[in-house]
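Right, one structure below, let's go through it.
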Amino acid sequence: MKVILLNSIKKLGLAGDEVVVRSGYARNFLIPQSKAILSTKENIECFKKKKLMFENQFLKKKLEAESCAEMISKLGSITITAKSSIQGKLFGSIGPKDIAKVISELVGVKIYKSQIRLPDRNPLKFIGNYNINIHIYNKISVTLEVKIINLPLCKKDNNEYDDKK
């Protein structure tokens, strides 16, 4: 079944594209959620008028994404402190949500956890340096180095250690 996409859909196409999908996917998901319309002669004619608007929106988002990518690449690397054992294993893990929060605070642009691509798709569980990929928008991505270091401990009496506050 041919449909015209009203929104960009990951792994399917951009807004304005005419794509062929399975009829059940179109009838039960895309059309009821207003993500696509049937590809008929009337809809194609109507959509040609709207296509310029979609192209302008796409260009605007692309420019915003490129500026965001430039700001992130200027960071070069970020450092995250976390508690860990003597062997370097973290107490807990550093996931996409944690990394997105740090980047958003440093850059001032909202980065979502779904945009962060971790190596092996698993949370980071050891101290070290990791290269992560940040997918910003439609084929615009940036590689960033994440350094995870041990949280320093304060020495108390009797050689006991306590978390630094």
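Listing for the model above:
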item	result
Members of the stretch 71-92 that are loosely packed, with under 11 Cβ neighbours inside 10 Å and without any contact (Cβ under 8 Å) to a residue 12 or more places away in the chain	74, 86, 87, 91
Options 4, 99: the member that is within 29 Å of residue 133 (Cβ to Cβ), of a type in the set (Val, Ile, Thr) and surrounded by 13 or more Cβ atoms within 10 Å (Cβ to Cβ)	99
Residue that is modelled with the lowest pLDDT [pool: residues in the stretch 129-146 that are more than 28 Å from residue 88 (Cβ to Cβ) and among the polar types (S, T, N, Q)]	138
Residue 49 being within 22 Å of the chain's Cα centre (by Cα), loosely packed, with under 13 Cβ neighbours inside 10 Å, assigned to a helix (DSSP H, G or I) and not β-branched (Val, Ile, Thr)	no
Failed item in (1) within 30 Å of residue 17 (Cβ to Cβ); (2) more than 16 Å from the chain's Cα centre (by Cα); (3) in a strand (DSSP E or B); (4) not aromatic (Phe, Trp, Tyr), with residue 125 passing the rest	(1)
Unique match (being outside the structural domain of residue 18 (by TED's automatic domain parsing), modelled with pLDDT under 90 and either within 15 Å of the chain's Cα centre (by Cα) or not polar (S, T, N, Q) (or both)) among 155, 113	155
Restricting the stretch 79-122 to residues that are in a strand (DSSP E or B) and touching a Lys or Arg at 6+ places or on another chain (Cβ under 6 Å), the residue that is nearest to residue 10 (Cα to Cα)	93
Members of the stretch 67-110 that are of a type in the set (Lys, Arg), under 17 Å from the mean Cα position of the chain (by Cα) and over 19 Å from residue 137 (Cβ atoms)	97, 101
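The values are calculated or read from the model by the stated rules, or taken from the named source; none is laboratory data. Everything numeric in this text was worked out from a predicted model, so none of it was measured. All Cβ positions, even for glycine, are placed from backbone atoms using ideal geometry, and neighbour counts span all protein chains on display.
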